[in-house]
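Any read-out appearing in this document is the output of simple, stated calculations on the displayed coordinates, not a laboratory observation. Only a predicted model underlies this, so the values are computations on that prediction, with no experimental measurement involved. Using ideal geometry, Cβ is built from the backbone for each residue, glycine included, and neighbour counts are taken over all protein chains shown.
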Amino acid sequence: MRRRLVLFPLPLQGHQTPMLLLASILYSKGFSISIIHTQFNSPNPDNYPHFTFHPISESLLGCKASNADVIGLLNTLNVYCVVPFRDLLAQILSQNAVKEPVACLITDAMWHFTQDVADNLMLPRIVLRTSNPSSFVAFSSLSYFRENGYLSAQGCQLEEKVPELPPLKMKDIPILGTRDLEATYGLVCNMIEKTKSSRGLIFNSFEELEGPALAMLQQDFNIPIFAIGPFHKQAPSLSSGLLTQERDCISWLNAHAPKSVLYISFGSIAAVSEADFLEIAWGLANSKQPFLWAIRPGLVRGLDGPAPLPTGFLEKIAKQGRIVTWAPQDEVLAHPAVGGFMTHSGWNSTLESICEGVPMLCFPCFGDQMVNARHVTDVWKVGLRFENGLNRDDIENSIRRVLVENEGKEMSQSLACLKEKASLCLAAGGSSHKSLETLVSHILSF
Ligand code: UDP
């Protein structure tokens, strides 16, 4: 008998895309799919005619949702969604009980309240963590870090190594420097605790990239762990973007020489100060290298209106650069003209860049991005990092190091090796392929 899965993505771009990709992968394995979602940042059901979508009404939530304060948003949603989610899930279970019984619930790790709901309904819950195993190790060590005073590290202590988790430095500890440390700490602890009570943990990564972190988690978490990525290489790339992609930048890229263009994007949430924004603008212009820059609304902290580009900037870079609001990033990174990626080091962006063999210039802003950037520079050696803030001379210099000088070529060699591993792990007998088969059997055993 065909089984149904109920998936519940978090309403943020970097979380929703991998959950919908996972849904497509599991659909291809013979499961029917129901998606429960908030109306805030709702996915577009038209892109997935073979899934059933169930919105939780915003009016039921009684809260005003916004991307600007992510921790506040997640804490609020974990309270307000309990009742409408429970009622909707109970309804889906009873509607499908005879024809297509629900095998399990799969939720984003940040939906920690759903573990108690699933327990009450006697439904197994599996967790998808959309950032990577290496940063999850750091998140799961937070109470240890707190007990040992690491969370109050300041000044030159920030440059010291975390002895228990090389090559992390104190400044890479995910929640350090967070505006509301207590709220963030509470959210993360709930996420970890409720993940430990779940029936399994899925990552969009692969054994050959993060074997040591996966082994550490396997020791600490008494549940099966499945590294089945990279997701975007296993499912059709249906546009799940919350913003409209400006696709005509691809024809602009077509006119450029191989590996000559720098692509710049800071994902969907990270914001920079106006001063940093101006340093990026001048660093790009002064490098004289072609660039494609995604400037989404909200990229400059506190500004809703148009980006504050310096006077005369657009005229100056007219022949050198292209600016879009939102790029078709997977296609951009796969384009032969792109030779470097200046990124905030979100996990999806990092993995997409690795899979396309593009060296990175990292400017991590918060959370798991700090850990990702450290791995890019010190473990995988496939990028540079702006360690001490952004200034135009460093940016210009780093762009040259990656696009013009030999350093870029050395990184490209390491990347070629990782890119091959990312592809091999998905082939029959590969690590992610086998892990996915195990996940499917695990779900069918419920
Ligand atoms: N993205 C995109 N166009 C852009 C910028 C980003 O399609 O102009 C996509 C990108 O491919 C990635 C996601 O948005 O899949 C961002 O996720 P990530 O984890 O990198 O960062 P977050 O937005 O969660 O901080």
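What does the charge count near residue 430 come to, summing +1 for each Lys or Arg and -1 for each Asp or Glu among other residues with Cβ under 10 Å from its Cβ?
Details: positive: 421, 434; negative: 207, 208.
Result for the neighbourhood of residue 430: 0.
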**Message:** Using only the alpha-carbon atoms, how far is helix 347-356 inclined from the longest principal axis of the chain? Give it as 0 to 90 degrees, nearest 10.
**Reply:** 70 degrees
**Prompt:** What is the calculated FRET efficiency for residue 309 to residue 98, with r their C-beta to C-beta distance and R₀ = 60 Å, to the nearest 0.05?
**Reply:** 0.50
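From the square roots a ≥ b ≥ c of the eigenvalues of the alpha-carbon gyration tensor of the range 346-429, which class results: rounded (a/c under 1.5), prolate (a/b over b/c), or oblate?
Working: a/c = 2.82, a/b = 1.48, b/c = 1.91.
Here the range 346-429 falls in the oblate category.
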**Item:** Local electrostatic count at residue 341 - Lys and Arg +1, Asp and Glu -1, tallied over other residues with Cβ under 10 Å
**Value:** -2
**Message:** Can you work out the Karplus-derived ³J(HN,Hα) for every residue in the range 359-364? Use 6.51 cos²θ - 1.76 cosθ + 1.60 with θ = phi - 60°, whole Hz, and x for glycine or proline.
**Reply:** x, 10, 10, 9, 10, x
**Item:** C-alpha center-to-center spacing [the range 70-134, the range 193-252] in angstrom
**Value:** 18 Å
**Message:** For a Förster distance of 22 Å, can you work out the FRET efficiency between the beta-carbons of residue 286 and residue 334, rounded to the nearest 0.05?
**Reply:** 0.20
**Complete:** Sorting 340, 318, 294 by the position of each Cα along the dipole of the range 288-346 (Lys, Arg +1; Asp, Glu -1; all at Cβ), the one nearest the positive end of that ordering is 318
**Request:** For residue 404 and residue 50, compute 0.36 nm times the residue count separating them, minus their Cα-Cα distance, and round to one decimal in nm.
**Result:** 122.8 nm
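Nothing charged except the Cβ atoms of Lys and Arg (+1) and of Asp and Glu (-1): what's the magnitude of the dipole of the chain about its Cα centre? Round to the nearest 20 debye.
Details: 36 positive and 42 negative charges, 169 e Å.
That gives a dipole near 820 debye.
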**Request:** Working from Cα positions, state the angle (0 to 90°, nearest 10) between the long axis of helix 70-80 and the longest principal axis of the chain.
**Result:** 10 degrees
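To the nearest 0.05, what FRET efficiency results for residue 218 and residue 180 with a Förster distance of 35 Å applied to their C-beta separation?
Details: r = 32 Å, r/R0 = 0.91.
Between residue 218 and residue 180 the formula returns 0.65.
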**Top positive-direction residue, dipole computed over the chain with Cβ charges, set 50, 109, 122** = 50
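What is the sum of charges around residue 320, taking Lys and Arg as +1, Asp and Glu as -1, for the other residues whose C-beta is under 13 Å from the C-beta of residue 320?
Details: positive: 288, 316, 319, 322; negative: 315, 396.
Summing Lys and Arg as +1 and Asp and Glu as -1 gives +2.
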**Complete:** Amide H proximity to residue 345 below 5 Å, modelled H, separation 5+ or other chain, gives 363
**Item:** Exceeding the 18 Å Cα-Cα cut-off - candidates 169/381; 169/419; 29/196; 196/434
**Value:** 169/419; 29/196; 196/434
